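Comments concern the structure below.
The values are calculated or read from the model by the stated rules, or taken from the named source; none is laboratory data. Because the structure is predicted, anything quoted here is derived from the model rather than measured. All Cβ positions, even for glycine, are placed from backbone atoms using ideal geometry, and neighbour counts span all protein chains on display. Areas reflect the complete protein model, heavy atoms only, side chains present, ligands, DNA and RNA absent. Shrake-Rupley method; radii C 1.70, N 1.55, O 1.52, S 1.80 Å.
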Amino acid sequence: MSRPEHLAPPEIFYGDDEAGKYTANSRIQNIQASMTHRAIELLNLPAWKAESGALLLDIGCGSGLSGEILTEYGHEWVGFDISPSMLEVALDRDVEGDVMLADGGQGVPYRAGTFDGAISISVLQWLCNADSTSHSPTARLLQFFTTLHAALSRGARAVFQFYPQDDDQVRMIMNAATRAGFGGGLVVDYPNSKKAKKFFLVLWSGGAMTRPKGMEEYGQDVAMNEDQALPQGLRAEHEQDLDEDGAGPSRAGPAQAKFQSKRERGGRFDKKGGGKSKKQRAKEDKFGMEKGSKEWIMRKKELYKKRGKKDVPENSKYTGRKRRPQF
């Protein structure tokens, strides 16, 4: 299956149709929200900054799905994207942040020291392709990271969730970030899971973020001169008690979250109810609902409405009614 960045430049790939489908897809919304929550966690904002609200940059903000999560956390945010269609959808959705049209490969268009942090979801790999003869991925990455480093305040972090094509691409990205003055490294969540594996590039500028005068009431007093440290990646539950070489107990402490590889909704892996036969499983959907039941029908209708499908019948007392067998 071809990678999206190999099919067309982002401003063309995410045209009007694709931008609308992307934003309306409930599965993409859930994935985007999950990765945004993880990126905010990796930002590791000081307590006084997290409680008072930070000014964050959303790189490749698209239609504002990640920005909505930032708003829920109480942060102000500004975003830019190269796709006009995506930004049109963001404006139609009336997102809280300010959005603008810009190409990250030409530089981050904000004044020095503006932002307390930056996040980016599924964007960085797009800068690694030459979409025209004048594009040099190495030069574009260096320009991007150099201007981003300048736009961040001292001690601020930038967290990028991305899908690297191979190890060479990871090295190219990290070399550009290092040349621009960033510290940091790569955090890999669930490295042994094909589906749950996620790559996060965690970067920081300078030392720890300093608390300005007048902010003493937010959070507890902590040592503000501690060195930045790269966080641990999340691991599967069965890997939590093993160290990196699998020889003994982990010295890195417990994982911050658990990856559940088995369903917890009473599916075929439900231990209490025992295993279910193939015939029983065929009658249920992936959420354990019986196909054709009233709950299943109502859920399908709600899903269709969220996706913008027209002419969805309204629920009534006859919805999901069991009919008598005909002889």
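Need pairs with beta-carbon distance below 8 Å; first residue among the polar types (S, T, N, Q) and within segment 1-25, second exposed (fewer than 15 other Cβ atoms within 10 Å of the Cβ); sequence gap 6+ or separate chains.
Within 8 Å, the pairs are T23/R93; N25/R307.
Just to be sure I understand, how many residues within segment 140-155 are open to solvent by less than 60 Å² (accessible area, probe 1.4 Å) and either of a type outside the set (A, V, I, L, M) or at pLDDT below 95 (or both)?
Selection size over segment 140-155: 7.
Residue check: is L91 within 30 Å of L234 (Cα to Cα) and assigned by the TED database to the domain that holds Y163?
No: the conditions fail for L91.
Here is a check on your reading of the model: is S83 of a type in the set (S, T, N, Q), under 19 Å from the mean Cα position of the chain (by Cα) and closer than 26 Å to G53 by Cα?
no
Report yes if F162 is within 14 Å of Q228 (Cβ to Cβ), assigned by the TED database to the domain that holds L45 and in contact (Cβ under 8 Å) with a residue 12 or more places away in the chain, otherwise no.
Criteria not met by F162.
Output the qualifying pairs, or none if there are none: Cβ atoms under 8 angstrom, residues six or more apart or on different chains, first residue in segment 58-73 and within 13 Å of S34 (Cβ to Cβ) and not assigned by the TED database to the domain that holds L87, second residue basic (K, R) and at pLDDT 95 or above.
Final answer for the pair search is none.
Quickly run through segment 102-116 and pick out the residues that are surrounded by 13 or more Cβ atoms within 10 Å (Cβ to Cβ), more than 20 Å from the chain's Cα centre (by Cα) and over 14 Å from F144 (Cβ atoms).
Within segment 102-116, G113, T114 meet the criteria.
Checking the conditions here, which among L127, L142, L148 is assigned to a helix (DSSP H, G or I), in contact with a Lys or Arg (Cβ under 8 Å, 6 or more places away or on another chain) and either of a type in the set (F, W, Y) or closer than 30 Å to G53 by Cβ (or both)?
On the way: L142 fails: either of a type in the set (F, W, Y) or closer than 30 Å to G53 by Cβ (or both); L148 fails: in contact with a Lys or Arg (Cβ under 8 Å, 6 or more places away or on another chain).
Selected residue: L127, the only one of L127, L142, L148 that is assigned to a helix (DSSP H, G or I), in contact with a Lys or Arg (Cβ under 8 Å, 6 or more places away or on another chain) and either of a type in the set (F, W, Y) or closer than 30 Å to G53 by Cβ (or both).
Quick one: in segment 272-316, of everything that is modelled with pLDDT of 80 or more and farther than 30 Å from A19 by Cβ, which residue is most open to solvent (accessible area, probe 1.4 Å)?
E295
Which ones in segment 63-103 are part of a strand (DSSP E or B) and more than 20 Å from W204 (Cβ to Cβ)?
Passing the criteria: E76, G79, F80, D81, D98, V99, M100, L101.
Any chance segment 46-65 includes a residue that's farther than 24 Å from L7 by Cβ, buried (at least 19 other Cβ atoms within 10 Å of the Cβ), among the aromatic types (F, W, Y) and at pLDDT 95 or above?
No - not one qualifying residue is present in segment 46-65.
So how many residues does segment 26-37 have that are open to solvent by 70 Å² or more (accessible area, probe 1.4 Å) and either in contact (Cβ under 8 Å) with a residue 40 or more places away in the chain or hydroxyl-bearing (S, T, Y) (or both)?
1
Does E96 satisfy the condition of being touching a residue at least 24 places away in the same chain (Cβ under 8 Å), exposed (fewer than 15 other Cβ atoms within 10 Å of the Cβ) and acidic (D, E)? Don't jump to the end; show me each part of the working.
Working: touching a residue at least 24 places away in the same chain (Cβ under 8 Å): yes; exposed (fewer than 15 other Cβ atoms within 10 Å of the Cβ): yes; acidic (D, E): yes.
Yes: the conditions hold for E96.
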